[in-house]
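Shown next, in structure tokens, is the structure this report addresses.
The values are calculated or read from the model by the stated rules, or taken from the named source; none is laboratory data. Please read all numbers here as calculations on a predicted model, not as lab measurements. Cβ coordinates were reconstructed from backbone atoms using ideal geometry, including for glycine residues, and neighbour counts include every protein chain displayed.
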Amino acid sequence: MSAKVSASPRLPESRPDLRVGGLARLSTCDWPGELVATVFCQGCAWDCAYCHNASLRPAQVESLLSWDGVLEFLVTRRGLLDAVVFSGGEPTLQPALLDAVKTVRSLGFRIGLHTAGMVPLNFARLLPLVDWVGFDVKAPVNAYARITGVEDSGARAMESLRLLLASGIEYEVRTTLHPALLSLDEMKELRDQLFSHGVTHYAVQRFRAEGTRPNRLPPLAELSQFALPADFGEGFSHFRLR
């Protein structure tokens, strides 16, 4: 269902300077079942080798989009889109995100958020304003630093996951699977950890090379492949392999 249209709002004269690295004006995959625009926030503090949005990692780049321009576009899509998703990069790193979300909600849009949970305090402040979260879980806790390149990243992610599950907000937890980074035993360990936290909606995403950085990972054809067991997703209310 599309957002309801009311009288054209006046955008605040003072608006947060959100750093925007990209804008997908129409997406059907960033929030399953919803027709959305996706705002790609610039900057990420982790260095996952399989990242397919590596251009969004630096906090500042010359190609930033105007946040005011993004808002002007969103005004023209009121009643046509269901929601706006803030993705990245890592959106929760930006102090301006909270006010940006409030402004977009005032336009009548529902709010989706893609996050890896790297800033639990900022995530907690955002949760009351968010309708759905796509939450990236990288690995079992003891393997997180190997994936992200940052010590203690697993503890921060699990704290954010606990906040998400306690909030009652709709979500999908998802993990990108690259056989060079996660073994079958580690995937089973991760599954068990997610069970222990009470995760019910889980998706495993096959690695895709598009947009990744050259020479960071060996080609999949050179890797020892493994298939997840047929019963891997049993126990989750909703499980997808894509």
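If you filter the stretch 154-187 down to residues that are among the β-branched types (V, I, T) and closer than 16 Å to V133 by Cβ, you find that the one that is surrounded by the fewest Cβ atoms within 10 Å (Cβ to Cβ) is I169. Of the residues making up the stretch 132-146, those that are aliphatic (A, V, I, L, M), touching a Ser or Thr at 6+ places or on another chain (Cβ under 7 Å) and crowded, with 23+ Cβ neighbours inside 10 Å are V133, V137.
In the condition set (1) within 18 Å of the chain's Cα centre (by Cα); (2) surrounded by 14 or more Cβ atoms within 10 Å (Cβ to Cβ), R206 is compliant with all but (2). Among the criteria (1) crowded, with 21+ Cβ neighbours inside 10 Å; (2) under 22 Å from H201 (Cβ atoms); (3) modelled with pLDDT of 95 or more, the one C48 does not fulfil is (3).
Given the structure, is E34 at pLDDT 95 or above and in a loop (DSSP other than H, G, I, E, B)?
Yes: the conditions hold for E34.
Name the residues in the stretch 115-129 that are touching a helix residue (DSSP H, G or I) at 6+ places or on another chain (Cβ under 7 Å) and either modelled with pLDDT under 95 or more than 14 Å from E159 (Cα to Cα) (or both), would you? Listed by number, the residues that qualify are L126, L129.
The residue that is surrounded by the most Cβ atoms within 10 Å (Cβ to Cβ), among those in the stretch 188-198 that are in contact with a helix residue (DSSP H, G or I) (Cβ under 7 Å, 6 or more places away or on another chain) and within 18 Å of Y144 (Cα to Cα), is Q193.
Restricting the first member to the stretch 106-131 and to residues that are under 21 Å from R57 (Cα atoms), and the second to residues that are of a type in the set (K, R), the beta-carbon pairs closer than 8 Å and six or more apart or on different chains are A116/K138; G117/R156; M118/R156; V119/R156; P120/R156. Out of S55, S63, S8, S2, one residue alone is modelled with pLDDT under 95, farther than 22 Å from P128 by Cβ and not in a loop (DSSP other than H, G, I, E, B). It is S55. Check the stretch 129-149 and report whether any residue there is part of a helix (DSSP H, G or I), over 21 Å from T176 (Cβ atoms) and either hydrophobic (A, V, I, L, M, F, W, C) or touching a His at 6+ places or on another chain (Cβ under 9 Å) (or both). Among the residues of the stretch 129-149, at least one is part of a helix (DSSP H, G or I), over 21 Å from T176 (Cβ atoms) and either hydrophobic (A, V, I, L, M, F, W, C) or touching a His at 6+ places or on another chain (Cβ under 9 Å) (or both), which makes the answer yes.
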